[in-house]
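J.: Submitted below is the structure of interest, expressed as structure tokens.
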Amino acid sequence: MKKDVLHTIQDNMGSFSKGQKRIAGYILSDYDKAAFMTAGKLGKLVHVSESTVVRFAAMLGYDGYPAMQKALQELVRSKLTSIQRIQASNSTLFSSDVITSVLQQDMDKIRVAVEEVDRAAFAAVVDKLMAARHIYILGVRSSSFLAGYLHFYLHLIFDNVSLVTSNSAGDILESMLRIGPGDLLVGISFPRYCQSTVKGVRFAHDRGADVVAITDSAMSPLYPMASAALLARSDMISFVDSLVAPFSLLNALIVAAGHRKNADIAQIFNRLEGIWDEYGVFDDP
């Protein structure tokens, strides 16, 4: 697994100049603050030039300072407490109309997902769904809504889908007691990553099941255990997780899987329409 930016800095500390060591020292001690500073502000704080900060990022292997800053921000997002989330977002969220701020941030996340989603990984996940002996879906806390949504539709498409509903690690492992080779676990988790989900994914992986991760970045603890991962940003908005991009990604996955089972889907919904009419499920005008 690729090292995070802090480990990269620590590994290279011996090769830094005096100025670079001041940059490194500040980032290692206050990376949550450095992640949101411009190169100029960081340089001024540690008494080096802006160009020295830019060269420091390049020395670590990043294309530029914005790339290093992005890596720091991803690290921060996975560790912030709810109180820290509120403090980090207040300055931008309430600087203008809150409706505009929230909707604009959500639209930006979908735009980024369109640009960054790995099409080959997406196709591989659809193939895995089609080939799986049994599909398990796991997501807890706010990710439980993503898991439930995915289960609702996949349950209509496939007859071998189980939703793992508990938040308890013990109950999760019991729910997947029979998981093994030929089965597929779709693990869903976003910062702050819940350990019960991580343990459930590790259990499935250790028992030889295939794992698909729906998460936010390669820094996610689910990522190294997955044979395929679909990534979407869930950057915090105050204490609330923004899940619009993950939901859109799941919509695309459901549509793609449904397209592969097109004939079956038509038969299923034809049967459902008959059942709904017979039992008056919907009050149609």
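The values are calculated or read from the model by the stated rules, or taken from the named source; none is laboratory data. Since the structure is predicted, the reported quantities are computational estimates derived from the model, not experimental observations. With ligands, DNA and RNA removed, areas are computed over all heavy atoms of the protein, side chains included. Shrake-Rupley method; radii C 1.70, N 1.55, O 1.52, S 1.80 Å.
J.: Expressed as an acute angle from 0 to 90° and rounded to the nearest 10, what is the orientation of the C-alpha long axis of helix 244-260 relative to the principal long axis of the chain?
T.: So the helix axis and the longest Cα principal axis differ by about 40 degrees.
J.: Cα centroid distance between the stretch 1-77 and the stretch 95-172, in Å?
T.: 33 Å
J.: Here's a follow-up. Helix 195-206 sits at what angle to the longest principal axis of the chain, using alpha carbons and giving 0 to 90 degrees rounded to 10?
T.: Approximately 70 degrees, to the nearest ten.
J.: Rounded to a whole number, what % of the accessible area of the stretch 108-164 do carbon and sulfur atoms account for, probe 1.4 Å?
T.: Working: 1610 of 2800 Å².
Heavy-atom surface of the stretch 108-164 belonging to carbon and sulfur, 1.4 Å probe: 58 percent.
J.: Quick one: among Q104, Q195, Q73, which has the greatest mean-square fluctuation in a GNM of the chain with alpha-carbon springs under 10 angstrom?
T.: The residue that fluctuates most here is Q104.
J.: Quick one: compute the contact order of the stretch 133-180, relative version, from alpha carbon pairs under 8 angstrom and 6+ residues apart, as a percent. Mind dumping the intermediate values first?
T.: Details: 48 pairs, mean separation 18.7, N = 48.
Reported relative contact order: 39 percent.
J.: Return the calculated 222 nm mean residue ellipticity for the chain, to the nearest 500 deg cm²/dmol, obtained by summing -39500 (n - 2.57) across DSSP H runs with n ≥ 4 and dividing by the residue count.
T.: -18500 deg cm²/dmol
J.: Right, another one. Taking only C-alpha pairs under 8 Å that are 6+ residues apart, what is the relative contact order of the chain in percent?
T.: Once normalised by length, the contact order is 17 percent.
J.: Please determine, in degrees from 0 to 90 and to the nearest 10, the orientation of helix 18-34 with respect to the longest principal axis defined by the Cα atoms of the chain, where the helix direction is its Cα long axis.
T.: 40 degrees
J.: Further, regarding this structure: Indicate the gyration tensor shape class of the stretch 117-263 (rounded, prolate or oblate), computed on the Cα atoms with a ≥ b ≥ c the square roots of the eigenvalues: a/c under 1.5 is rounded; otherwise a/b larger than b/c is prolate and the rest oblate.
T.: rounded
J.: Just the number please: accessible area per residue for the chain, 1.4 Å probe, all protein chains included, in Å².
T.: 53 Å²
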